[in-house]
Amino acid sequence: ANRAFAQAGSSAEHVNNNGWPWNIPTIFDVLEVQGLSWHVYNDSVLPSLTKTMFFEKYCLNTDNFSGIDDFQHRCQSGDLPVFSFLEPSFGPYEPDESYHPPYDVTAGEAFLAKIYTMLRTSPARDQTLFVVLFDEHGGTYDHVIPPQAPRSLPPATDGNGFTFDRFGVRVPAIVISSYVAPGTLFRSGTDVPYDHASVLATLRDWLGLSGAFRTGLPSPRIATAPTLGPVLTLKEPRDWPALQPVAAHAAIAAQPAPADAVRLNDNQRAILMALGAQVAKRPLSLPEKQMAGQQLQTHSDARTWLAALMPHLPKPDAPTG
């Protein structure tokens with residue numbers, strides 16, 4: 001649900017991800033109406049998780065969805081969209097780069113280093129704010145109790161009973177810019193903590209879209225979220241440090257694929273179901289999703305599923321621009 005808050009300021013009144021596809025307004029819709037460029041870059045031949053979540057809205061959209069090679073091309077030319085949303089591979093077809101348990105984080109570290117280097121060497125670097133967000137805390141203990149939310153959302157409609165009157169557990173966030181001072185640690189300067197909707201609030205203010213958000217994306221969480229503006233304190237741009245050479249790519253190449261008995265996580269099941277919907281050219285019905293959920297338990301199940309569906313998928317989109 002945190003991914004939905006980062007893209008829509010809402011999770012469509014669902015606590016868990018079992019309510020997809022969600023047909024609610026997103027930041028992409030607002031930017032489209034305003035004639036501002038946006039793009040989702042996905043490091044997998046499997047469907048984008050954004051397409052999975054908002055399948056009915058974006059399943060046929062090929063103009064605004066492509067691969068990381070396309071993002072690299074746009075970095076090199078300095079012609080980046082106004083808003084880019086980057087997605088790692090969540091597996092199971094390729095190594096999982098998402099840092100999700102129970103997988104090795106090496107692939108995630110290599111993916112993040114690759115994106116950072118693309119931006120660091122881009123002519124558009126000094127005009128780019130790179131925000132690295134995690135959508136969960138990895139299941140580790142946190143002694144800080146989630147605080148109350150300043151304005152609640154409508155109650156959950158998935159039978160959970162949650163009233164969205166508090167924030168979730170804390171998750172890491174990294175903000176990278178030519179205008180962020182070295183060693184910066186930041187917290188909200190207001191009574192409202194930073195959350196995923198802060199990205200949307202920052203876009204709203206920087207692009208002058210207050211009116212468009214009131215009509216097109218009126219989430220109270222966006223309205224009250226602190227922006228990232230105060231984190232950018234330098235008056236002149238500074239260099240981005242070069243990364244130390246690592247052998248991560250070689251380590252990833254040497255890693256065996258997950259064993260057949262390794263269980264799939266929820267993200268992987270959702271993407272595999274979306275692959276089925278993409279082949280069927282329609283959203284899966286609830287009974288179909290329930291049946292698929294029973295079938296997709298392990299990596300062995302995923303390999304059987306992929307072997308049946310991959311021949312029916314179109315070739316990956318070519319880079320644009």
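Specify which of the listed residues (LEU275, LEU296, LEU264) is under 24 Å from GLY108 (Cβ atoms), in contact with a Lys or Arg (Cβ under 6 Å, 6 or more places away or on another chain) and of a type outside the set (S, T, N, Q).
Details: LEU275 fails: in contact with a Lys or Arg (Cβ under 6 Å, 6 or more places away or on another chain); LEU264 fails: in contact with a Lys or Arg (Cβ under 6 Å, 6 or more places away or on another chain).
None of the others qualify; the one that does is LEU296.
Just the residues that are assigned to a helix (DSSP H, G or I) and either modelled with pLDDT of 85 or more or open to solvent by less than 40 Å² (accessible area, probe 1.4 Å) (or both), please, taken from region 255-272.
Taking region 255-272 as the starting set, the residues that turn out to be assigned to a helix (DSSP H, G or I) are 266-272.
Within region 255-272, ASN267, GLN268, ARG269, ALA270, ILE271, LEU272 qualify.
Answer yes or no: is there a residue in region 160-183 that is under 25 Å from VAL15 (Cβ atoms) and open to solvent by less than 20 Å² (accessible area, probe 1.4 Å). Step through it out loud before you land on a result.
Residues of region 160-183 under 25 Å from VAL15 (Cβ atoms): 160-173.
Narrowing the set further to residues that are open to solvent by less than 20 Å² (accessible area, probe 1.4 Å) leaves 164.
Yes, there is a match, as at least one residue in region 160-183 is under 25 Å from VAL15 (Cβ atoms) and open to solvent by less than 20 Å² (accessible area, probe 1.4 Å).
Based on what the data block shows, is ALA181 farther than 25 Å from ALA110 by Cβ, out of contact with any Gly (no Cβ under 6 Å at 6 or more places or on another chain), assigned to a loop (DSSP other than H, G, I, E, B) and modelled with pLDDT of 95 or more?
Details: farther than 25 Å from ALA110 by Cβ: yes; out of contact with any Gly (no Cβ under 6 Å at 6 or more places or on another chain): yes; assigned to a loop (DSSP other than H, G, I, E, B): yes; modelled with pLDDT of 95 or more: yes.
Yes: the conditions hold for ALA181.
Show the residue pairs that are 6+ apart or on different chains and have beta-carbon atoms under 8 Å apart, the first residue being within region 117-133 and free of Cβ contacts under 8 Å to residues at least 40 places away in the same chain, the second being open to solvent by less than 50 Å² (accessible area, probe 1.4 Å) and not in a strand (DSSP E or B).
Close Cβ pairs (under 8 Å, with a partner that is open to solvent by less than 50 Å² (accessible area, probe 1.4 Å) and not in a strand (DSSP E or B)) do not exist here.
Please verify whether LEU284 is under 23 Å from the mean Cα position of the chain (by Cα), at pLDDT 90 or above and surrounded by 12 or more Cβ atoms within 10 Å (Cβ to Cβ), treating the condition exactly as stated. Break it down stepwise before answering.
Values: under 23 Å from the mean Cα position of the chain (by Cα): yes; at pLDDT 90 or above: no; surrounded by 12 or more Cβ atoms within 10 Å (Cβ to Cβ): yes.
It is false that LEU284 is under 23 Å from the mean Cα position of the chain (by Cα), at pLDDT 90 or above and surrounded by 12 or more Cβ atoms within 10 Å (Cβ to Cβ).
Kindly check whether there is at least one residue in region 274-291 that is polar (S, T, N, Q) and assigned to a helix (DSSP H, G or I).
Our first condition is that a residue be polar (S, T, N, Q); within region 274-291, this holds for 278, 285, 290.
From the residues that got through so far, the ones that are assigned to a helix (DSSP H, G or I) too are 278, 290.
Looking for residues that are polar (S, T, N, Q) and assigned to a helix (DSSP H, G or I), one finds at least one in region 274-291, hence yes.
Considering only residues of region 136-159 that are free of Cβ contacts under 8 Å to residues at least 40 places away in the same chain and open to solvent by 60 Å² or more (accessible area, probe 1.4 Å), which is nearest to TYR179 (Cα to Cα)?
The qualifying residue nearest to TYR179 (Cα to Cα) is HIS137.
Evaluate region 8-20: report whether one residue or more is under 28 Å from TRP305 (Cβ atoms) and modelled with pLDDT of 90 or more.
Restricting attention to region 8-20, the residues satisfying the condition of being under 28 Å from TRP305 (Cβ atoms) are 11-12, 14-20.
Applying the additional criterion that residues be modelled with pLDDT of 90 or more yields none.
The answer is no, given that none of the residues of region 8-20 is under 28 Å from TRP305 (Cβ atoms) and modelled with pLDDT of 90 or more.
Residue by residue, here is whether (1) touching a His at 6+ places or on another chain (Cβ under 6 Å); (2) at pLDDT 85 or above; (3) closer than 30 Å to ALA302 by Cα holds:
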| position | (1), (2), (3) |
| --- | --- |
| PRO230 | no, yes, no |
| THR233 | no, yes, no |
| PRO237 | no, yes, no |
| GLN244 | no, no, no |
| GLN290 | no, yes, yes |
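Scanning region 115-160 for residues that are touching a Pro at 6+ places or on another chain (Cβ under 7 Å) and of a type outside the set (A, V, I, L, M), which turns out nearest to HIS100 (Cα to Cα)?
Step one: of region 115-160, the residues touching a Pro at 6+ places or on another chain (Cβ under 7 Å) are 126, 134, 138-139, 147, 151, 153.
Checking which are of a type outside the set (A, V, I, L, M) leaves us with 126, 134, 138-139, 147, 151.
Details: ASP126: 31, PHE134: 9, GLY138: 7, GLY139: 10, PRO147: 25, ARG151: 30 Å.
Ranking the qualifying residues of region 115-160, first place goes to GLY138.
Filtering region 107-128 down to residues that are in contact with a helix residue (DSSP H, G or I) (Cβ under 8 Å, 6 or more places away or on another chain) and open to solvent by 50 Å² or more (accessible area, probe 1.4 Å), which residue is farthest from VAL82 (Cα to Cα)?
Quick first cut of region 107-128, residues in contact with a helix residue (DSSP H, G or I) (Cβ under 8 Å, 6 or more places away or on another chain) only: 107, 109-110, 113-115, 118-119, 121-125, 128.
Next, only the ones that are open to solvent by 50 Å² or more (accessible area, probe 1.4 Å) stay: 109, 114, 121, 123.
On the way: GLU109: 25, LYS114: 21, THR121: 18, PRO123: 15 Å.
Selected residue: GLU109.
LEU133 - would you say it is over 22 Å from GLN76 (Cβ atoms), open to solvent by 30 Å² or more (accessible area, probe 1.4 Å) and at pLDDT 90 or above?
So LEU133 passes the test.
The values are calculated or read from the model by the stated rules, or taken from the named source; none is laboratory data. Only a predicted model underlies this, so the values are computations on that prediction, with no experimental measurement involved. Here the Cβ is made from the backbone with ideal geometry for all residues, glycine too, and neighbour counts use every protein chain on show. Keep in mind that these areas ignore ligands, DNA and RNA; they rest on the heavy atoms of the full protein, side chains included. Shrake-Rupley method; radii C 1.70, N 1.55, O 1.52, S 1.80 Å.
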